[in-house]
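Visitor: Pasting in a structure now, in structure tokens, and then I'll have a few things to ask.
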Amino acid sequence: MSHPPPALHALRWHSPVGELLLAASDTALCGLWFADQHRIPAWAQAAAPQADHPLLRETVAQLQDYFAGGRQRFDLPLDTGHGTPFQQAVWATLAHIPYGQTRSYRDIAQHIQRPAATRAVGGAVGRNPLGIVLPCHRVLGAGGALTGYTGGLERKVALLRLEGL
């Protein structure tokens, strides 16, 4: 795995689906997690709090617009370079799942030309460092089954309902 992003700034924000931890470098958003979820990297937890960081403020503004129903796509500079090449391919695919639509783990595996890697895709989706912005909540199991979500299934359901699903 690549090394963590350079000097980070952090912000905790209370969203309609729970407290979020946002982490950004000077140039890109590096992480967005539910504050109570597992697998938040130590480098993100150690980031210096900075509520006035311009990129973190812009992220919150776009999240507020999303939760109010006014935004369907995020327009933020993102840094996913701390993932493996496989994870980065999966995360890049998440960015292209349209608002109000879902994809299966199998769909993503086929899209990245690794059709036998459905289980590995699930692992990469579960390690998505940019929840909501890279919409892993739009990924469902076979036959549309609601499967695990690092933020909890109730949050996944709430995000899908917000998007009219």
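Laboratory data are not the source of any read-out in this text; all were calculated from the coordinates shown. Because the structure is a prediction, the values reported are computed rather than measured. Please note: Cβ atoms are built from the backbone with ideal geometry, for glycine as well, and neighbour counts cover all protein chains shown.
Visitor: What does the charge count near Ile112 come to, summing +1 for each Lys or Arg and -1 for each Asp or Glu among other residues with Cβ under 13 Å from its Cβ? Mind showing how you got there, number by number?
Guide: On the way: positive: Arg103, Arg106, Arg114; negative: Asp107.
Net of charged neighbours comes to +2.
Visitor: Moving on. Between Gln101 and Glu154, what is 0.36 nm times their sequence separation minus the Cα-Cα distance? Round to one decimal in nm. Can you show the working numbers first?
Guide: Details: separation 53, 0.36 × 53 = 19.08 nm, distance 1.81 nm.
Result: 17.3 nm gained on full extension.
Visitor: What FRET efficiency comes out for the pair Arg71/Gln50, r = Cβ-Cβ distance, R0 = 25 Å, nearest 0.05? Kindly include the intermediate steps, with their values, before the conclusion.
Guide: On the way: r = 23 Å, r/R0 = 0.94.
Efficiency, rounded to the nearest 0.05: 0.60.
Visitor: What is the dipole size for the chain, taken about its Cα centre, with +1 at each Lys and Arg Cβ and -1 at each Asp and Glu Cβ, in debye to the nearest 20? Please list the in-between numbers first.
Guide: Numbers: 14 positive and 11 negative charges, 122 e Å.
That gives the chain a dipole magnitude of about 580 debye.
Visitor: Between the helical axis of 54-67 and the dominant principal axis of the chain, each derived from Cα atoms, what acute angle in degrees is found, rounded to the nearest 10?
Guide: 50 degrees
Visitor: Ordered by packing density, taken as the mean number of other Cβ atoms within 10 Å over each peptide's residues, highest first, how do 120-126, 107-113, 134-140 rank?
Guide: Listed from highest to lowest mean packing, they are 134-140, 120-126, 107-113.
Visitor: Right, another one. State whether the chain is rounded, prolate or oblate according to the following rule on the C-alpha gyration tensor (a ≥ b ≥ c being the square roots of its eigenvalues): a/c under 1.5 gives rounded; otherwise a/b larger than b/c gives prolate, and the remaining case gives oblate. If you can, show how the numbers build up before the last one.
Guide: On the way: a/c = 1.81, a/b = 1.27, b/c = 1.42.
Because a/c hits 1.5 or more and a/b fails to exceed b/c, the chain counts as oblate.
Visitor: Amide H neighbours of Ser104 under 5 Å, at least 5 residues apart or on other chains, H built in the peptide plane: list them.
Guide: Amide H neighbours of Ser104: Leu140.
Visitor: If Lys and Arg each add +1 and Asp and Glu each add -1, what is the summed charge of the other residues whose beta carbon sits under 13 Å from the beta carbon of Ala28? Don't jump to the answer; show the numbers that get you there.
Guide: Working: positive: none; negative: Asp26, Glu58, Asp75, Asp79.
In short, -4.
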